[in-house]
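The values are calculated or read from the model by the stated rules, or taken from the named source; none is laboratory data. In this text the structure is predicted, and so the values were computed from the model without any measurement. Positions of Cβ are generated from backbone atoms using ideal geometry, with glycine treated the same way; all protein chains shown enter the neighbour counts. Note: areas computed on protein heavy atoms with side chains; ligands, DNA, RNA excluded. Shrake-Rupley method; radii C 1.70, N 1.55, O 1.52, S 1.80 Å.
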Amino acid sequence: MTTTTETYRPPPLPSLFATTTPPPTLLTQGAEAHLYKTVFLDASTPAALKIRPSKPYRHPILDRRLTRQRVLHEARCLVKLIREGVNVPAVLAMDWEGQNGESGQGGSWILMEWIDGAPVRVALERWEAWLAKNKGLAEQNTPQYQEGTTRVRDLLRRVGQTVGALHKAGVIHGDLTTSNLMLRPWKADAEVALEAGECPSVDGDIVLIDFGLAGQSASDEDRAVDLYVLERAFGSTHPRTEPLFPEVLQGYRESYKGAAGALKKLEEVRMRGRKRSMLG
Ligand SMILES: Nc1ncnc2c1ncn2[C@@H]1O[C@H](COP(=O)(O)OP(=O)(O)OP(=O)(O)O)[C@@H](O)[C@H]1O
Ligand SMILES: [Mg+2]
């Protein structure tokens with residue numbers, strides 16, 4: 001039995017990945033999923049392995065059914081979105097039964113295309129750190145500062161366009177934060193080596209990840225809630241960039257015909273949110 005004082009050890013890897021060279025490296029372990037970087041078919045093709053471990057405290061039949069549903073659901077969303085041309089990682093393989101070795105433990109998993117780069121959250125944190133360090137440049141509105149701001153604005157537009165493409169395909173993300181938006185750089189790291197004082201690059205394609213809570217919907221209300229969740233995430237995670245959030249909505253507005261309806265609903269959703277926070 002595990003006790004709380006014991007250091008946490010992730011469950012054994014699914015047998016397919018237990019002997020690969022190099023071995024998978026654990027990147028993140030959320031409450032629900034473990035994310036590994038591994039390889040696919042040959043050692044030079046990276047892939048992302050998302051495992052939903054089984055939960056020993058749940059009844060085994062219920063547990064299998066739940067993890068299986070979520071993994072299947074996530075994979076189906078990804079496959080549909082790839083087909084529709086939305087920027088998401090391709091699905092390479094999966095196992096929804098999630099039996100692993102003799103213990104019968106393990107979990108269901110999806111193997112996905114590896115997305116280079118970092119979450120948008122990291123790119124914006126770098127930008128905000130640069131801003132904090134170079135207050136003078138901002139106050140004097142130097143060309144360097146203007147250039148940086150223009151690039152961040154463009155980034156936010158692309159975020160809006162990508163969310164628009166998702167909604168156009170009839171899918172709601174359900175957990176839109178800047179951690180679930182990847183920024184895949186247009187240029188390799190080596191090429192964007194910073195000159196002294198230059199602001200960090202935010203150039204790259206937006207790729208949506210993490211469809212564990214996604215769903216199909218054609219309602220403006222659901223789409224507006226997606227946007228609202230993202231807006232709130234900006235407010236709490238990127239206070240210095242929040243004033244530029246309207247750029248996200250502008251990118252969204254331009255991305256598909258039905259966008260206006262969702263943006264209209266967003267005003268209502270905000271009002272409700274405000275009322276709720278006033279009531280405490
Ligand atoms: N395809 C991918 N390529 C590269 N990195 C990825 C990929 N998928 C996920 N990651 C990295 O792993 C992190 C966690 O992944 P993800 O958001 O899917 O899991 P999670 O938030 O733990 O899951 P959930 O919210 O569904 O329980 C991401 O923020 C990202 O940094
Ligand atoms: Mg996530």
Give just the number: which of (1) open to solvent by less than 70 Å² (accessible area, probe 1.4 Å); (2) away from ligand 1 (no atom under 16 Å from the Cβ); (3) closer than 22 Å to ARG272 by Cα; (4) not charged (D, E, K, R) does GLY164 not satisfy?
(3)
Mind checking which helices (runs of 4 or more DSSP H) fall wholly inside region 60-152 and carry at least 1 residues that are under 24 Å from the mean Cα position of the chain (by Cα)?
60-83, 120-133
Please go through region 28-59 and give me each residue that is hydrophobic (A, V, I, L, M, F, W, C), out of contact with any Lys or Arg (no Cβ under 6 Å at 6 or more places or on another chain) and part of a loop (DSSP other than H, G, I, E, B), ordered by number.
ALA31, LEU41
Quick test of your reading of the structure: SER179 fulfils all but one of (1) farther than 20 Å from ASP154 by Cβ; (2) outside any loop (DSSP other than H, G, I, E, B). Name the failing condition by number.
(2)
Could you check region 10-28 and list, in sequence order, the residues that are open to solvent by 70 Å² or more (accessible area, probe 1.4 Å) and within 22 Å of GLU97 (Cα to Cα)?
PRO12, SER15, LEU16, THR19
Looking at region 77-97 only, could you name the residues that are at pLDDT below 95 and more than 22 Å from LEU41 (Cβ to Cβ)?
GLU97
